[in-house]
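The values are calculated or read from the model by the stated rules, or taken from the named source; none is laboratory data. Since we're looking at a predicted model, the values are computed, not measured. Here Cβ is always computed from backbone atoms with ideal geometry, including for glycine, and neighbour counts include all displayed protein chains.
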Amino acid sequence: MTASVITTPIPRTLSGRLAGHVNELGLIGIIVLLYAIFGFISPGFLSANNQVNILRDGSAIGIAAWAQTLVIVAGEIDISVGPMVAFISVLMAFALKWHMPLAVSLCGGLVLGALLGSVAGVLRGIFNVPSFVATLGLWSALRGLALFMTNALPVSFDDNDTLDWIGDNVFGIPVSAVVMIILFAIFVFVSRKTALGRSVYAVGGNASAARLCGINVTGIRILVFTLSGLMAAVTAIMLLARLGTGNAGAASGLEFDVIAGVVVGGTSLTGGRGSMLGTLLGVLAITVIGDGLVLYGINSFVQDVVRGVIIVAAVLLNVAAARRSGRAGR
Amino acid sequence: MITIPVAEIRQASRRYPGVVALDRVDFAVQPGEVRAILGKNGAGKSTLIRLLTGAETPDDGTVLLAGEPFREQGEGRTREAAARGLRAVYQELSLVPSMSIAENMFLGAWLRRSGMLDHARMVFEARQALARLGLTLDPSLPVSSLSPAARQMVEIARAFLGTPKLVILDEPTSSLAAAEVDQVCAAVRDVAAQGTAVLYVSHRMSEIRRLADTATVLRDGRIISTLPVAEARTEDIVQMMLGRSEQARQITPQVGGRPLLSVQGLSLPPKLQSISLDLKEGEVLGIAGLLGSGRTELIEAILGFTKPAAGIVAVDGKAIARRGYRSMIRRGFGYTPESRKEDGIIPLLGVDENTVITDFRRVDRIGVLSTSAIARATRGVVERLHVKTAATTTPIGTLSGGNQQKVVIGRWIHARSRILLLDEPTRGVDVEAKNQIYDIIRGLAREGRAILFVSSEIEELDQVCDRVLVLRDGQIAEEHTAPDIDAERLLAACIG
């Protein structure tokens, strides 16, 4: 009776474990390959200066992508990221223009981001509006509101040393990249080591079962959108610091890069499966592709075509890998 | 004159990995005959039906429709069967909710006039088909606006459209109230009089006696007997369904013990009528009942999923007025749902996370989940319940049904639940795991937990229960106490 029924791991789980990381290993391979190709064909791609650029561009996508990973793991989607970033940066620019203290302006922006995110969360969690539709509404409304308020003109404000520092580098590394890395560590911790993070996976994996186990499914849904809004606000601060003005047309198409980074990183759009490390690699791949193509001097419209093809190909591979490892439980 | 059977099965067998679902079965049904099909879960009823509808191909033997074998193989078979006049109504509904009743009735075979859909004629014919069942529904209403019972009636009406040769009704009345059952019975007799054969899968003897000419009893993949209903006694049919069963274990009933859960006068019309019960510490209380008898509704009302029209639910002697599911969990309830795959497991997560999910606080240290505490808690459950898994982190979706079920029960042991409501905990589980689950349940009761064990598999109730309540038509019809729980008498009480 006391004999343990847990046997030592058999090859089946060993391959299962490998399959769990096939995606990450594959992405690292792809990134190395991209570096090799672009290093060869794009002048200056391997320069230290360009690496800093990649970090800075990556942080614009990455910060929002950490929260988007949780949103997608929970089985939802948030497409309002770009307009949310622009809208919040415009409001913060106005606040600074009217000589509000920097701390108040930025904190106000963060609170606003969380509130706007929670609106999407409440629409999904309580009123059962599909998250695609709820955030599509926000996407349109926020972009429109920002353009209306600014008349599509940049909102400038007095120079601010602290904000300039945020837009600059420390020890040669962009501050935004440092913020991104710190937030990455926090999101890795939350997603793996807290009840909340695991509940997100449970809700995305089987919402009905999670509810019957006593998890507050509605609360989790509201929370992931709130986090997504908050991270959009952080991105807005970085954008404001970098541009020095509030711009209603900024961050156009950012949601595309964010979602692409998450999905290329192996997170399943059906929910329940995905990792922060995957998203990190996915964001890096997306950024490297964008940067490399620009340096190579390809027509910017063709860049969009190449990105689109790469993203669909990555997801195809992801689906095939999931089927191969047979973890779908069907 | 020799009539050709509308459907015939000759010496057909069907095997699945580890089970023989049908074993050299001979079966035939004549035009205009109403045949009841009886048998407990896993006796082979569904497989028999699936052979006739073409959803399955026999491993050996042949299936004939109107004396001719199937021409098609594989996927094409079901379409061929439908084209040759076979209709089936299953328990799970197959209507498109957003479409109208008329469109649903002609789904995929919409009536056309010069290339366009002929709505007027579809509505007209749908109205006639509904009238046959005594329904006066407007056929242009969307199905989503109908009650579950009305949807079931629409499905039945659809099966009777045109002039089918054979109609198969699989527990058609489980969601229906008495008046609607009368209408279904009348309609069945009506189409039978016009020469349509009907296979009627049900366990309600009262219905079977009213409409069936003959009954076929299946057990363990074999046809035990086909007999005229008029001459058959209910006890004989029960005996055939169960076969000889050996009393494997004797339950000595728990006496004393304070009631942890008491329910008084719980009503939820039309499904539940004034249910009262006491569930004591250390007791396993069985709820026996057919599909549609109100089993699931009772559990849902206790747990606060639905608000009953009347009645009191008390825990530890204190009535609880406002019940929410999560507050009931905090009071010490644990619930394992009937459909393990849809509502029980989170397939991609490991056994460990599927276990500790009911109470993260017991495995976290100041807000941080402890990997070692999770592993320890999971190992405790895995060892105690004999879960066969390669590692505690193995995704639960890769485990067998029995092992998944043990984890689903084990997660409430982890949460230290005192009152466990187990809805069909042995469904889809192999024999060995079933016996282990019975042992687990007895063990949990010995620790002083109270267990409500809901099952439609009558012959397992005497293996685990101290007491069994028979639920019939939303009422508690009988109470049996161990050691005098007898499967045959329970089944007779269930089928009424």
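From B:GLY304, B:GLY350, B:GLY332, B:GLY367, which residue is surrounded by fewer than 22 Cβ atoms within 10 Å (Cβ to Cβ), more than 11 Å from chain A (Cβ to nearest Cβ) and over 26 Å from the mean Cα position of the chain (by Cα)?
B:GLY332
Mind listing just one residue for me: the one in the stretch B:15-38 that is modelled with pLDDT of 85 or more and part of a loop (DSSP other than H, G, I, E, B) and, of those, surrounded by the most Cβ atoms within 10 Å (Cβ to Cβ)? Going through the qualifying residues, I end up with B:GLU33. Among the residues making up the stretch A:74-95, those that are within 19 Å of A:LEU136 (Cα to Cα) and part of a helix (DSSP H, G or I) are A:VAL81, A:GLY82, A:PRO83, A:MET84, A:VAL85, A:ALA86, A:PHE87, A:ILE88. It is to be established whether one or more residues within the stretch B:386-394 are more than 9 Å from chain A (Cβ to nearest Cβ) and either touching a residue at least 40 places away in the same chain (Cβ under 8 Å) or farther than 30 Å from B:GLY289 by Cα (or both). No: zero hits.
Consider B:GLU125 carefully, then state whether it is in contact with a strand residue (DSSP E or B) (Cβ under 8 Å, 6 or more places away or on another chain) and of a type in the set (D, E, K, R). Considered against the rule, which asks whether it is in contact with a strand residue (DSSP E or B) (Cβ under 8 Å, 6 or more places away or on another chain) and of a type in the set (D, E, K, R), B:GLU125 comes out as no. Checking the structure you have, find out if any residue of the stretch B:262-272 is closer than 15 Å to B:PHE333 by Cβ and either assigned to a strand (DSSP E or B) or not assigned by TED's automatic domain parsing to the domain that holds B:LEU461 (or both). Yes.
How about the stretch A:107-153: which of its residues are polar (S, T, N, Q) and touching a Ser or Thr at 6+ places or on another chain (Cβ under 6 Å)?
Hits for the stretch A:107-153 are A:SER118, A:THR135.
Residues in the stretch B:77-117 that are touching a strand residue (DSSP E or B) at 6+ places or on another chain (Cβ under 6 Å) and farther than 20 Å from B:MET153 by Cβ: B:ARG84, B:LEU86, B:TRP110. Annotation: B:LYS341 fulfils all but one of (1) modelled with pLDDT under 90; (2) more than 9 Å from chain A (Cβ to nearest Cβ); the unmet one is (2).
Conditions tested, residue by residue: (1) modelled with pLDDT under 90; (2) not β-branched (Val, Ile, Thr).
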{"position": "A:LEU254", "(1), (2)": "no, yes"}
{"position": "A:GLY261", "(1), (2)": "no, yes"}
{"position": "A:LEU277", "(1), (2)": "no, yes"}
{"position": "A:LEU281", "(1), (2)": "no, yes"}
{"position": "A:VAL288", "(1), (2)": "no, no"}
{"position": "A:GLY292", "(1), (2)": "no, yes"}
{"position": "A:LEU316", "(1), (2)": "yes, yes"}
{"position": "A:ALA321", "(1), (2)": "yes, yes"}
{"position": "A:SER325", "(1), (2)": "yes, yes"}
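Taking the criterion of being facing another protein chain (nearest Cβ under 8 Å), more than 21 Å from the chain's Cα centre (by Cα), in a helix (DSSP H, G or I) and farther than 13 Å from B:PRO347 by Cβ, the residues of the stretch A:192-219 that qualify are A:ALA195, A:ARG211, A:LEU212. Checking each residue in the stretch B:402-421 for being closer than 14 Å to B:ASN354 by Cα, more than 7 Å from chain A (Cβ to nearest Cβ) and not aliphatic (A, V, I, L, M) picks out B:ASN403, B:GLN404, B:GLN405, B:LYS406, B:GLY410, B:TRP412, B:HIS414. Just one of the numbered conditions (1) of a type in the set (D, E, K, R); (2) more than 11 Å from every other protein chain (Cβ to nearest Cβ); (3) more than 30 Å from B:MET205 (Cβ to Cβ) is not true of B:LYS271: (3). Those helices (runs of 4 or more DSSP H) of the stretch B:294-403 in which 1 or more residues are over 28 Å from B:ARG442 (Cβ atoms) and among the hydrophobic types (A, V, I, L, M, F, W, C) occupy B:371-384. You will find that of A:ILE88, A:ILE37, A:ILE72, A:ILE79, the residue that is modelled with pLDDT of 95 or more and surrounded by fewer than 24 Cβ atoms within 10 Å (Cβ to Cβ) is A:ILE79 and no other.
Only one of the numbered conditions (1) of a type in the set (D, E, K, R); (2) more than 8 Å from chain B (Cβ to nearest Cβ); (3) part of a helix (DSSP H, G or I) is violated by A:ASP158, and that is (3). Whether any residue in the stretch A:220-232 is assigned to a helix (DSSP H, G or I) and within 13 Å of another protein chain (Cβ to nearest Cβ) is what I want to check. For the stretch A:220-232, residues assigned to a helix (DSSP H, G or I) and within 13 Å of another protein chain (Cβ to nearest Cβ): present. The listed residues are B:GLU283, B:GLU231, B:GLU297, and the only one of them that is in the same structural domain as B:ARG418 (by TED's automatic domain parsing) and either of a type in the set (Ser, Thr, Tyr) or at pLDDT below 90 (or both) turns out to be B:GLU297. Return a yes/no flag: does the stretch B:176-186 have any residue that is touching a Leu at 6+ places or on another chain (Cβ under 6 Å) and surrounded by 22 or more Cβ atoms within 10 Å (Cβ to Cβ). No: the stretch B:176-186 contains no residue that is touching a Leu at 6+ places or on another chain (Cβ under 6 Å) and surrounded by 22 or more Cβ atoms within 10 Å (Cβ to Cβ). Please verify whether A:GLY308 is in contact (Cβ under 8 Å) with a residue 60 or more places away in the chain and not polar (S, T, N, Q), treating the condition exactly as stated. Considered against the rule, which asks whether it is in contact (Cβ under 8 Å) with a residue 60 or more places away in the chain and not polar (S, T, N, Q), A:GLY308 comes out as no. Given the criteria assigned by TED's automatic domain parsing to the domain that holds B:ARG442, under 23 Å from B:ILE495 (Cβ atoms) and not basic (Lys, Arg), does B:GLY334 qualify? Considered against the rule, which asks whether it is assigned by TED's automatic domain parsing to the domain that holds B:ARG442, under 23 Å from B:ILE495 (Cβ atoms) and not basic (Lys, Arg), B:GLY334 comes out as no.
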